[in-house]
Number of protein chains: 2
Amino acid sequence: MTKRLARNSELGYLFDYNKKPVLTVEEGESFIVETEDNLSGLIKSEKDPLVENLKHLTKYDPPKFNPVHGPIYIKGAGKGDLLEVSIEKIIPAEIGFSAIDPEAGPLCDNKKWPELGEAYIKVLKNIPGPSGTTRDGKVIYNEYISWDLEPMIGTIGVATEYEIHGTLNGQTPCCGNWDCKDIKEGSKLYLNCFHDGALLFLGDVHASQGDTEWTCSANEVKAEVSLSCKVIKNKKIPYARIEREESIIQLFADKPLEDAVHRAITNLMSWMVEEYGVRAKDAYIMISCSPEFKVKVYQMVKSPNLPYVVGAEIPKKYLKN
Amino acid sequence: MTKRLARNSELGYLFDYNKKPVLTVEEGESFIVETEDNLSGLIKSEKDPLVENLKHLTKYDPPKFNPVHGPIYIKGAGKGDLLEVSIEKIIPAEIGFSAIDPEAGPLCDNKKWPELGEAYIKVLKNIPGPSGTTRDGKVIYNEYISWDLEPMIGTIGVATEYEIHGTLNGQTPCCGNWDCKDIKEGSKLYLNCFHDGALLFLGDVHASQGDTEWTCSANEVKAEVSLSCKVIKNKKIPYARIEREESIIQLFADKPLEDAVHRAITNLMSWMVEEYGVRAKDAYIMISCSPEFKVKVYQMVKSPNLPYVVGAEIPKKYLKN
């Protein structure tokens with residue numbers, strides 16, 4: 001039977017190497033994590049009092065945003081290895097929500113639309129698609145507008161070497177509240193390991209999200225995530241990477257935004273040159289000239305100490321020599 | 001017969017309202033501009049001496065980068081009106097090039113790949129596609145790698161009200177060296193007018209370009225561009241806008257990059273709210289939650305006084321009320 005972490009089992013708010021593993025899996029073994037939403041399950045309808053609930057979450061140290069399950073101990077992984085996390089399926093709940101926080105978001109203090117400084121919860125109906133689940137369903141926004149669900153994991157990573165990071169703020173090369181649209185079904189996420197068993201944590205699924213996650217709140221949901229892991233021995237990368245069937249994507253988080261873009265692209269070049277044998281000049285020129293080279297601004301949320309997250313993506317057809 | 005500005009007719013390097021019009025067209029009349037490449041036609045093969053040619057271009061005031069034809073006088077346009085420029089066709093030359101300038105580009109001083117600090121010209125072969133022209137052709141990079149051409153106009157705009165800007169640096173809401181991938185076939189570009197006849201200038205076509213135009217040089221080409229213009233009386237917009245069949249795109253240029261992104265999105269919201277009657281709250285939440293809301297980093301070239309150029313794009317299906 002597939003191992004499963006139930007939603008109501010122990011949740012945490014830190015990528016903490018001191019925490020005792022809550023699950024142990026073999027390399028290649030599929031397992032399921034029932035994730036909780038970013039506000040720890042407090043919002044159930046549009047009538048819930050948002051401000052009081054946000055206050056409740058911030059009353060704790062660390063604050064109870066972006067709960068994660070973990071650590072999950074992956075047998076065979078150790079310090080100096082690289083973990084490959086395959087995201088097999090993400091099934092978001094049929095009710096998601098997006099919140100306007102009166103204290104946060106880029107337009108909370110604007111005078112043109114003062115209503116954007118008022119607390120507001122919009123319930124989003126996620127309906128099943130061809131698979132019979134919300135994996136490939138749609139959001140019904142109103143009677144005129146709907147869009148495809150594109151479920152993704154907002155907060156994921158392995159425990160860092162010695163520092164301990166919260167699941168709300170702070171990114172490192174191996175863990176963070178990245179809010180990256182490409183950490184989705186069919187993606188392999190690569191993370192440096194610093195501890196025996198790698199110590200994987202994840203939570204905070206978004207059923208859908210726009211570039212930048214402008215308001216600080218995507219289509220936030222509970223979800224059921226199926227994953228499996230492999231270990232690549234003795235390998236280190238500069239920052240988390242994603243591989244998809246058709247492309248490779250180098251992540252980077254930093255402020256200002258151009259620094260994140262610059263570092264994502266230079267690390268993408270290193271990946272192309274060092275692992276695929278592309279000549280540096282060819283990588284440099286193809287990046288500059290191909291319409292298929294993409295820069296993605298995943299998260300640009302205005303929040304102290306939260307770096308912006310970008311991806312630099314190139315199709316695999318550019319990796320031939 | 002369709003009016004045409006020949007490549008070898010007078011070229012300029014300023015968006016200059018004092019310059020006498022070189023062509024006058026009626027509203028709705030198609031016309032053709034044979035554009036010159038960004039290095040004023042100096043590069044003909046990979047053996048051309050790049051450094052000497054760049055020095056030659058910078059010896060002039062203004063420097064001879066990004067030559068434009070114009071001004072083109074559009075009858076019926078005047079101060080306070082909005083010009084709609086329809087880009088009907090862009091046929092790039094069959095030989096394009098990309099240059100590595102030893103003095104410019106983000107990696108010109110890096111120690112990891114010192115060859116990226118050496119002058120280099122890569123000739124790019126643009127071959128015709130289904131239309132029988134390079135409008136929809138391909139780039140042959142080498143025996144393994146090719147990609148689709150996606151021709152676009154790098155430098156375009158109308159004369160500003162009182163300042164005069166060069167075609168190399170400097171963007172304004174109505175003109176600039178934007179290097180925007182979406183100023184392409186099928187796009188309508190909207191520009192505020194400040195003078196009788198609008199005074200349109202354009203040049204610097206790229207047969208293809210990656211996000212950010214990383215090295216500062218795309219697939220640079222001569223091209224034949226077909227356009228037509230319409231005038232919308234008494235209308236002003238905050239910054240150049242693009243409309244495509246399926247989406248609207250708000251441009252903005254600024255430094256740092258997050259400021260450009262922020263302003264592009266807030267101006268996109270104004271467009272949605274003021275012209276399509278979308279409620280501000282709905283625009284705000286849909287931007288944050290829809291995977292189809294895109295931020296595009298068109299140009300992020302490291303150059304003094306050259307702001308970064310971004311676009312915020314939303315599909316038209318989100319504009320229903």
Original post:
Debye sum, Cα scatterers, the stretch A:237-321, no solvent: what log₁₀ I/I(0) at q = 0.17, 0.23 1/Å?
Top reply: -0.64, -1.08
**OP:** Choose one of B:P238, A:N110, A:P151: the residue whose Cα lies farthest towards the positive end of the charge dipole of the protein assembly as shown (beta-carbon charges +1 Lys, Arg; -1 Asp, Glu; about the Cα centre).
**Re:** A:P151
Subject >> Loop-resident sites, the stretch A:1-44, for trypsin sites (Lys or Arg not before Pro), counting at most 12 other Cβ within 10 Å (DSSP) >> reply: A:K44
Subject >> Amide hydrogen neighbours beyond the local backbone of A:L5, cut-off 5 Å, H modeled >> reply: A:I32, A:V33, A:E34
Original post:
Per q in 0.17, 0.22 1/Å, what log10 I(q)/I(0) does a Debye calculation on the alpha-carbon atoms of the stretch B:157-277 return?
Top reply: -1.00, -1.68
Original post:
How large is ³J(HN,Hα) for each residue in the stretch A:190-204, as worked out from phi by the Karplus curve 6.51 cos²θ - 1.76 cosθ + 1.60 (θ = phi - 60°), to whole Hz, x for Gly and Pro?
Top reply: 10, 9, 5, 9, 10, 9, 4, x, 6, 6, 8, 10, 7, x, 6
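What percent do you get for the relative contact order of the stretch A:3-233 when only Cα pairs under 8 Å and 6+ apart count?
Working: 637 pairs, mean separation 76.0, N = 231.
Contact order relative to length: 33 percent.
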Subject >> Share, in percent, of DSSP beta bridges within the protein assembly as shown that are antiparallel, nearest 5 >> reply: 90 percent
**OP:** Kindly flag which residue pairs out of A:K296/A:K316; A:K188/A:K296; B:K188/B:K296; A:K20/A:K75 have an alpha-carbon separation exceeding 19 Å in this structure.
**Re:** none
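If I stretch the segment between B:N234 and B:I140 completely, what's the gain in nm (0.36 nm per residue apart, minus their alpha carbon distance), one decimal?
Numbers: separation 94, 0.36 × 94 = 33.84 nm, distance 4.64 nm.
Residue separation times 0.36 nm, minus the Cα-Cα distance, leaves 29.2 nm.
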Original post:
Using only the Cα atoms of the protein assembly as shown, what do you get for the radius of gyration and for Dmax, in Å?
Top reply: 25.6, 80
Subject >> Paramagnetic label zone (point 7 Å from Cα along Cα-to-C-beta, B:K55; backbone N under 14 Å) in the stretch B:96-117 >> reply: B:102-103
**OP:** With θ set to phi - 60°, apply the Karplus curve 6.51 cos²θ - 1.76 cosθ + 1.60 along the stretch B:108-120 and write out the HN-Hα couplings as whole Hz, x wherever there is a Gly or Pro.
**Re:** 5, 10, 6, 9, 6, 10, x, 5, 7, x, 10, 4, 7
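Calculate the mean, over all residues of peptide A:204-211, of how many other protein chain Cβ atoms lie within 10 angstrom of the residue's Cβ. Provide the component values of the computation, followed by the final result.
Numbers: counts 0, 0, 3, 2, 6, 5, 14, 13.
For peptide A:204-211, the averaged partner shielding equals 5.
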Original post:
Semi-axes, largest first, in whole Å: what does sqrt of 5 times each Cα gyration tensor eigenvalue give for the stretch A:1-118?
Top reply: 35, 16, 14
Original post:
For the stretch A:2-68, which chymotrypsin sites (Phe, Trp or Tyr not before Pro) are in a loop by DSSP, counting at most 14 other Cβ atoms within 10 Å?
Top reply: A:Y60
**OP:** Shortest first and in nm with one decimal, please list how far the A:K44 label point sits from its counterparts in the other copies (point 7 Å along Cα→Cβ).
**Re:** 7.9
Original post:
Dividing the Cα convex hull volume of the stretch A:3-233 by residue count, how many Å³ per residue is that?
Top reply: 122 Å³
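Loop-only chymotrypsin sites (Phe, Trp or Tyr not before Pro) in the stretch B:141-179, please: DSSP not H, G, I, E or B, and at most 11 other Cβ atoms within 10 Å. All intermediate terms of the calculation are to be shown ahead of the outcome.
Details: sites: B:Y141, B:Y144, B:W147, B:Y162, B:W178; in loops: B:Y141, B:Y144, B:Y162, B:W178.
For chymotrypsin sites (Phe, Trp or Tyr not before Pro) across the stretch B:141-179 that sit outside H, G, I, E and B with at most 11 neighbouring Cβ atoms in 10 Å, the list reads B:Y144, B:Y162.
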Original post:
So for the pair B:S131, B:T2, with labels modelled 7 Å out along Cα→Cβ, what separation do we get in nm?
Top reply: 1.0 nm
**OP:** Please report, in debye to the nearest 20, how large the charge dipole of chain A is about its Cα centre when each Lys and Arg carries +1 at its beta carbon and each Asp and Glu carries -1 there.
**Re:** 520 debye
Subject >> Pairwise label distance in nanometres, A:K20 with A:E94, each label 7 Å out on the Cα-Cβ vector >> reply: 3.8 nm
**OP:** Give me the number: length gained by fully extending B:E10 to B:A119, i.e. 0.36 nm times residue separation minus the C-alpha to C-alpha distance, one decimal in nm.
**Re:** 36.3 nm
Original post:
Using modelled amide H (1.01 Å from N, peptide plane; none on Pro or chain starts), what sits under 5 Å from the amide H of A:E27, excluding residues fewer than 5 places away?
Top reply: A:K75
Original post:
Considering only the label points, 7 Å along Cα→Cβ from Cα, what distances in nm to one decimal separate A:E26 from the same position in each other copy, shortest first?
Top reply: 7.9
Subject >> Peptide A:277-285 - average C-beta neighbours from other chains (10 Å radius) >> reply: 6
**OP:** Mind listing the label-point distances from B:E10 to the same position on all other copies, shortest first, one decimal in nm, points 7 Å along Cα→Cβ?
**Re:** 8.0
**OP:** Provide the FRET efficiency to the nearest 0.05 for the A:K255-A:Y162 pair, computing r from the beta carbons and using R0 = 30 Å.
**Re:** 0.85
Original post:
Once whole DSSP H runs in chain B are found, which of them have Cα atoms spread over 24 Å or more along the helix axis and a mean Kyte-Doolittle score of at least -0.5?
Top reply: B:257-276
Original post:
Residues with amide H under 5 Å of A:W147's amide H, sequence separation 5 or more or different chain, H placed in the peptide plane at 1.01 Å from N; which?
Top reply: A:V139, A:Y141
Subject >> Extreme residue, positive dipole direction of the protein assembly as shown, given options A:T133, B:V51, A:P173 (C-beta unit charges) >> reply: A:T133
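Each value in this text was obtained by applying a stated rule to the coordinates, not by laboratory testing. Everything numeric in this text was worked out from a predicted model, so none of it was measured. No Cβ is skipped: glycine too gets one built from the backbone with ideal geometry, and neighbour counts run over all protein chains shown.
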